[in-house]
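Please read the structure below before turning to the comments.
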Amino acid sequence: MSLDLHGPGLWYATRATGLVALLLLTVSVLLGILTAGRFATENWPRFLSQGLHRNTSLLVLAFLILHVGTTVVDTYTTIPLVAAFVPFASDYKAAWLSLGAVALDLLLALVATSLVRRRLGHGTWRRVHWLAYACWPVAVAHGLGIGTDRGAAWVLALSMACVLAVLGTAGWRVITAARPGPTQ
Amino acid sequence: MSTSLRINPIACTGHGMCAELLPEVIELDRWGYPVVVSPAIPRSLLEYARRAARACPTLALLVEEKAGKHR
Amino acid sequence: MTATRLLAGVADAAGLQDYERWYGPLPGPGGPPGRARSRSRSRRPERLIEIIEAAGLTGRGGAGFPAGRKMRSVAARPGRKAVVANGAEGEPASRKDRLLLTRLPHLVLDGITLAAAAVGADEAYLCAHGTESGLLRRLGHAVAERQAAGLDPVPIRVTGIPARYVSSEQSSIVQYLNGGPGRPTFSPPRPHERGVNGKPTLVHNVETLAHMAMIARHGHRWFRGAGLPSAPGSMLVTVSGAVTRPGVYEIEMGTTAGEVIMLAGGPAERLQALLIGGYFGAWLPVEAAWPVPMTHAGLRAAGGALGAGIVIAFPAAACPIAETARVARYLAEESARQCGPCRLGLPALADALASLAFSGDRGGSADDIAALIPLVERRGACRHPDGAAQLARSLLTAFPADVHRHRWQGACDGVRRPPLLPLPR
């Protein structure tokens, strides 16, 4: 199979990798909330949430490399590589694309600081990590707004499911944090 | 060269991940805070201890190498 | 026995001129220019460290660490240093630091200047509780008086620190001076490694510095002329409780606890125990405590602690469990709340002690006390929980009959007495 730089193949790849990246990012956010909320059951230890959260985030990055790569290489639109990191560096749907760039920048900051967490110290790492709550909604907005699949009902449903899952889990976190526990 | 475990009690918030990852040496007290049963880490557990220290959400678990002489 | 060294001029030496008349000028660096240097002992600042080491002076703030060794470890580090004089007497039952700062401030200030020269410091602080505005003002005047006389090459900054129990701990003071909260920090780094403004910092109790000022004048052999070879010199003790003349006394190291009680006029009523070392110390039954020499080693061997020289005479008619419960509640409230085992364990310990003291719940609370002690000991960033643990443990050891009686028969009559052990507020 030859790589058709002009047909719809790459465009499908861009949309697919983008969607998968968003799903994985949602899973990562959920696992992060569970870790912070000290969720644990008899069969689900705390280090499992944390370990999966870390690995899922790295997977998100892997899919984003494909997502950005297929977008740049596709000759149907002329989106330069720099547009993946710098907002308004491309004319194509400038606002919605820029959201993607912002989300990617935030994700890179989150991953980079996490990789050097011990050298950075817990305080600094934690303050940067709050940006995760900015990164995820920006990514969701980018996915919905960029428009290509907005019409497809199943994409809309999937996005809604992601939003509900994060809102629900974040709600759980807020409630359990407010309730006085044994370590309060 | 001896390696020992130490906990920064100010940073520790009682997450308890260390006790999950190094149950041979760390137990949790009645409030969920870690008790290091024996600070000296045997060579066989060293890598697990390091992993537990990396996992600590507040970086409160410390694996310290001492060059033999007591402080 | 009693010694009159530090306190020789205590009645009349608050002002600089009176002070110099009583104690003589300070020899060597730090002394006013033009004065006779008949005793050139301290001509080289580093020489002081050798003299202090030879004198065997140990810290008088409670830990009893060799003062010379501490100075040497700070002096050995590169760069400029800082000196902090800790006059923030956190122990409610201690009065000696207050006495020194009020009546003999220049002895302490001389000590600071000597220490600063010896370790190479360019910053010096004298700390007392910030609530003591009168004291801080008078200390400011004393410093100004000395500046006018050209006495202190390194200006001494009188600083008020938070009046909390944990704020007088040395890492708390250093953090406060660095602009942070007055709470203990995790070490490393220790103050002598990196303290005020990142400099190696020498932190000494004010009494220790006062002794240094005396040793600089009279030499190490003079210092060793009192006390024991293993515990030389004199120390200040604060005696309170059921004694006829409570107050601060100066004794030779090694004086027995019984002699200290007699110095303070003897018991005011029949005693059952002595609480030595303050709330960081330990209970000792009076018969066991009476012959114990007042040294760190002597009290440790007896199962107690010398601490900052606090001796409280505890009468037979009072209830040690009730008093310990009150003190434990105070210590729990004074926790900096930074470390889980202290924040959660001390209130639990206080609850169990109160339960034993006032409710005697058939054994549960006594077992809980014993179980809680190892859960709080050594599990904080500072020694605050250790003090509470030691107090509780010594209670169980010194009063097994009372504990048994409270367990199975409920509170004794002693709980109805008005509170004896001093607490702030």
Going by the conditions given, is C:Q338 on the phi < 0 side of the Ramachandran plot and within 14 Å of chain B (Cβ to nearest Cβ)?
yes
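So that you can scan it fast, the table gives a plain yes or no per residue for (1) more than 21 Å from A:T124 (Cα to Cα); (2) at pLDDT 95 or above:
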{"residue": "B:L5", "(1), (2)": "yes, no"}
{"residue": "B:I10", "(1), (2)": "no, yes"}
{"residue": "B:A19", "(1), (2)": "yes, yes"}
{"residue": "B:E27", "(1), (2)": "yes, yes"}
{"residue": "B:A60", "(1), (2)": "no, yes"}
{"residue": "B:E65", "(1), (2)": "yes, no"}
{"residue": "B:H70", "(1), (2)": "yes, no"}
Per the filter on region C:404-420, residues in a helix (DSSP H, G or I) and surrounded by fewer than 21 Cβ atoms within 10 Å (Cβ to Cβ) are C:H404, C:R405, C:R407, C:W408, C:Q409, C:D413, C:G414, C:V415, C:R416
Filter result for the condition that a residue is more than 20 Å from B:A55 (Cβ to Cβ) and either within 14 Å of chain B (Cβ to nearest Cβ) or within 21 Å of the chain's Cα centre (by Cα) (or both), over A:L31, A:L19, A:L59, A:L52
A:L19
Regarding region A:126-148, can at least one residue be identified that is of a type outside the set (S, T, Y), modelled with pLDDT under 95, in a helix (DSSP H, G or I) and exposed (fewer than 14 other Cβ atoms within 10 Å of the Cβ)?
no
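Tell me, yes or no, whether region A:73-88 has at least one residue that is buried (at least 17 other Cβ atoms within 10 Å of the Cβ), modelled with pLDDT of 95 or more, closer than 29 Å to A:L10 by Cα and away from chain B (no Cβ under 14 Å).
No, there is no match, as no residue in region A:73-88 is buried (at least 17 other Cβ atoms within 10 Å of the Cβ), modelled with pLDDT of 95 or more, closer than 29 Å to A:L10 by Cα and away from chain B (no Cβ under 14 Å).
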Report yes if some residue within region C:265-279 is part of a helix (DSSP H, G or I) and at pLDDT below 95; otherwise report no.
yes
Somewhere in region C:115-130, is a residue crowded, with 19+ Cβ neighbours inside 10 Å and over 22 Å from C:A67 (Cα atoms)?
yes
Considering only residues that are under 20 Å from the mean Cα position of the chain (by Cα) and at positive phi, look in region C:224-267 and name the one that is surrounded by the fewest Cβ atoms within 10 Å (Cβ to Cβ).
C:G247
Looking at this structure, is C:H211 crowded, with 24+ Cβ neighbours inside 10 Å, in the same structural domain as C:G79 (by TED's automatic domain parsing) and assigned to a strand (DSSP E or B)?
no
Report yes if C:A370 is surrounded by 24 or more Cβ atoms within 10 Å (Cβ to Cβ), part of a helix (DSSP H, G or I) and modelled with pLDDT of 90 or more, otherwise no.
no
Quick check on my filter: what residues within region C:147-171 are of a type in the set (G, A, S), modelled with pLDDT under 95 and either more than 13 Å from C:V84 (Cα to Cα) or touching a helix residue (DSSP H, G or I) at 6+ places or on another chain (Cβ under 8 Å) (or both)?
C:A148, C:A149, C:G150, C:A163, C:S167
Restricting region B:17-36 to residues that are out of contact with any Lys or Arg (no Cβ under 6 Å at 6 or more places or on another chain) and closer than 20 Å to A:A177 by Cα, the residue that is farthest from the other protein chains (Cβ to nearest Cβ):
B:R30
Can you give me the number of residues within region A:89-113 that are more than 21 Å from A:A13 (Cα to Cα), crowded, with 16+ Cβ neighbours inside 10 Å and at pLDDT below 95?
1
In contact with a strand residue (DSSP E or B) (Cβ under 8 Å, 6 or more places away or on another chain) and assigned to a loop (DSSP other than H, G, I, E, B): is that true of C:R393 in this structure?
no
Are any of the residues in region C:317-330 surrounded by fewer than 23 Cβ atoms within 10 Å (Cβ to Cβ) and free of Cβ contacts under 8 Å to residues at least 24 places away in the same chain?
no
Could you check region A:149-184 and list, in sequence order, the residues that are basic (K, R) and at pLDDT 90 or above?
A:R173
Looking at region C:25-43, can you tell me whether even one residue there is modelled with pLDDT under 90, out of contact with any His (no Cβ under 6 Å at 6 or more places or on another chain) and part of a strand (DSSP E or B)?
no
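The values are calculated or read from the model by the stated rules, or taken from the named source; none is laboratory data. Quantities reported herein were computed from a predicted structural model and do not represent experimental measurements. FYI the Cβ positions are ideal-geometry reconstructions off the backbone, even for glycines, and counts take in every protein chain you see.
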